[in-house]
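Enquirer: Could you have a look at this structure, given as structure tokens, before my questions?
The values are calculated or read from the model by the stated rules, or taken from the named source; none is laboratory data. Remember, it's a predicted structure, so these values are computed and weren't measured experimentally. Counting neighbours? That spans all protein chains shown, and the Cβs are built from the backbone with ideal geometry, glycine included.
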Amino acid sequence: MSSPESPARIVSLSVMSFPVPFKTVVRHASASHRRAQNLIVQVVGADGRIGWGEGCPRQYVTGETIDSALEFIDQHADDWLVKITGAEPLRTWIKVHREEIDRNPAAFCAVELAVLDLLGKSQTRSLEDVLDVAKPVGEFRYTAVLSDLLWPAYRWQCGRYRRAGFVDFKVKLCGVVRRDQAKLRALENATSRSRASSSGVRIRVDANNLWESAEDCVKHLGALNTAVFAVEEPLRPGDFNGMLKVAEQCSTRIVVDESLLRAEHLDALSGDPANWIANVRVSKMGGVIRSLEVARKAVDLGVGVIVGCQVGETSILSRAALTVMQSIKPRLLGAEGAFGTHLLRQDLTSGSIMFGPCGVLAVEGLASSGGGGGLGLEIAERAKRDLVLLRSFP
């Protein structure tokens with residue numbers, strides 16, 4: 001068994017995809033999803049242990065495609081095999097290549113998680129022990145995300161979440177006033193009919209960069225006649241002045257997602273920090289190390305934090321998100337993800353990390369909390385047959 005100080009040498013790196021179909025179509029203003037779009041990275045250590053990582057390139061979020069992600073990996077794979085032999089060399093590589101990771105965050109995320117998983121397994125230490133951060137404990141409550149579905153499917157999804165006891169909701173807007181009004185009315189009606197308590201129900205809406213101007217956004221939100229806790233990405237990415245106008249005129253908070261791709265973007269948030277919420281997605285940020293940096297900086301600035309997800313994440317990214325959530329748990333405003341086989345027809349791992357009744361995921365007792373080292377996950381043998389090999393190094 002390797003000691004915690006022993007380097008773990010990577011002898012091979014493979015890049016795959018896991019295009020598992022969804023149980024339902026996921027639609028929003030920027031895209032429509034029917035199956036997972038991801039990169040799965042496998043690294044093999046000199047001791048024969050295997051680490052697994054995942055990233056989800058999204059052109060409408062970070063400008064990445066599967067092809068651009070593979071090009072980035074092609075360029076650096078040989079360097080990783082030689083230089084990344086432990087947690088500190090990994091941190092050094094991230095620091096030196098910061099701008100390249102900025103342009104290819106999902107691609108690097110998949111590599112980083114695989115390396116950290118391998119390091120943990122080689123040393124029989126959890127992901128958190130490798131990074132010297134706190135392990136996830138207790139419970140986490142997830143948000144019900146209501147997609148821009150056809151009306152019968154939307155009503156069914158809405159009622160299902162409320163019957164399950166969810167109290168935190170995110171509604172995807174389409175920009176058509178009557179349709180968006182109907183969505184929010186359906187949610188209110190489902191709340192009133194549900195046996196679950198309607199007290200404490202919180203609603204936020206996600207516009208996915210629908211409007212060009214703050215004036216158009218304010219007009220639309222005013223027509224909805226529903227108090228919302230926050231509005232996510234209402235304007236073009238990076239239009240922080242316009243989004244601040246929306247926050248002030250609508251007395252709501254703004255969630256920055258596509259506008260927040262690295263820690264430095266937090267410096268552009270003006271006005272009262274309480275107007276802003278950072279949506280930290282591990283794949284979008286370029287891995288768990290960079291996600292921890294963004295989440296902690298947001299808390300230091302007084303900006304709220306939601307730890308989000310990319311549609312179609314497997315339990316690999318759900319597990320990594322728990323590390324980030326725990327790091328700011330007292331200040332965590334919301335969590336998205338952990339859909340597992342609620343959405344995927346099959347998960348990549350044996351045992352799916354996913355929320356239960358009321359959107360709650362209890363960490364205690366989960367193998368995913370770190371047992372066995374690394375991420376604490378095992379890849380399901382059946383799922384391995386559906387992995388599609390894209391690259392192999394050396």
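Enquirer: All but one of (1) within 23 Å of the chain's Cα centre (by Cα); (2) in contact (Cβ under 8 Å) with a residue 60 or more places away in the chain; (3) crowded, with 20+ Cβ neighbours inside 10 Å; (4) not assigned by TED's automatic domain parsing to the domain that holds residue 210 hold for residue 87, so report the exception by its number.
Expert: The one condition residue 87 does not meet is (2).
Enquirer: Please tell me if residue 134 is within 30 Å of residue 356 (Cα to Cα) and assigned to a helix (DSSP H, G or I).
Expert: Details: within 30 Å of residue 356 (Cα to Cα): yes; assigned to a helix (DSSP H, G or I): no.
No.
Enquirer: With the range 73-127 as the region, which helices (runs of 4 or more DSSP H) entirely inside it contain at least 1 residues that are in contact with a strand residue (DSSP E or B) (Cβ under 7 Å, 6 or more places away or on another chain)?
Expert: Working: elements: 87-96, 98-103, 105-123.
Passing ranges, in order: 105-123.
Enquirer: Is it fair to say residue 236 is basic (Lys, Arg), under 24 Å from residue 191 (Cβ atoms) and surrounded by fewer than 23 Cβ atoms within 10 Å (Cβ to Cβ)?
Expert: no
Condition check ((1) crowded, with 24+ Cβ neighbours inside 10 Å; (2) closer than 20 Å to residue 54 by Cβ; (3) over 10 Å from the mean Cα position of the chain (by Cα)) across all residues:
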{"site": "278", "(1), (2), (3)": "yes, no, yes"}
{"site": "301", "(1), (2), (3)": "no, no, yes"}
{"site": "314", "(1), (2), (3)": "yes, yes, yes"}
{"site": "318", "(1), (2), (3)": "yes, yes, no"}
{"site": "321", "(1), (2), (3)": "yes, yes, no"}
{"site": "329", "(1), (2), (3)": "no, no, yes"}
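Enquirer: Provide a single number: the residues in the range 214-233 that are in contact (Cβ under 8 Å) with a residue 12 or more places away in the chain and either surrounded by 15 or more Cβ atoms within 10 Å (Cβ to Cβ) or acidic (Asp, Glu) (or both).
Expert: Going through the range 214-233 one residue at a time, the tally reaches 13.
Enquirer: Determine whether residue 322 is under 20 Å from residue 381 (Cα atoms), assigned to a helix (DSSP H, G or I) and touching a residue at least 24 places away in the same chain (Cβ under 8 Å).
Expert: It is false that residue 322 is under 20 Å from residue 381 (Cα atoms), assigned to a helix (DSSP H, G or I) and touching a residue at least 24 places away in the same chain (Cβ under 8 Å).
Enquirer: Here's another thing I want to ask about it. Listed residues 29, 36; which is closer than 29 Å to residue 207 by Cα, at pLDDT 85 or above and in the same structural domain as residue 80 (by TED's automatic domain parsing)?
Expert: Of 29, 36, the one residue that is closer than 29 Å to residue 207 by Cα, at pLDDT 85 or above and in the same structural domain as residue 80 (by TED's automatic domain parsing) is 36.
Enquirer: So residue 286 ticks every box in (1) surrounded by fewer than 23 Cβ atoms within 10 Å (Cβ to Cβ); (2) touching a residue at least 40 places away in the same chain (Cβ under 8 Å); (3) over 21 Å from residue 170 (Cα atoms) but one. Which box is left unticked?
Expert: Of (1) surrounded by fewer than 23 Cβ atoms within 10 Å (Cβ to Cβ); (2) touching a residue at least 40 places away in the same chain (Cβ under 8 Å); (3) over 21 Å from residue 170 (Cα atoms), only one is false for residue 286: (1).
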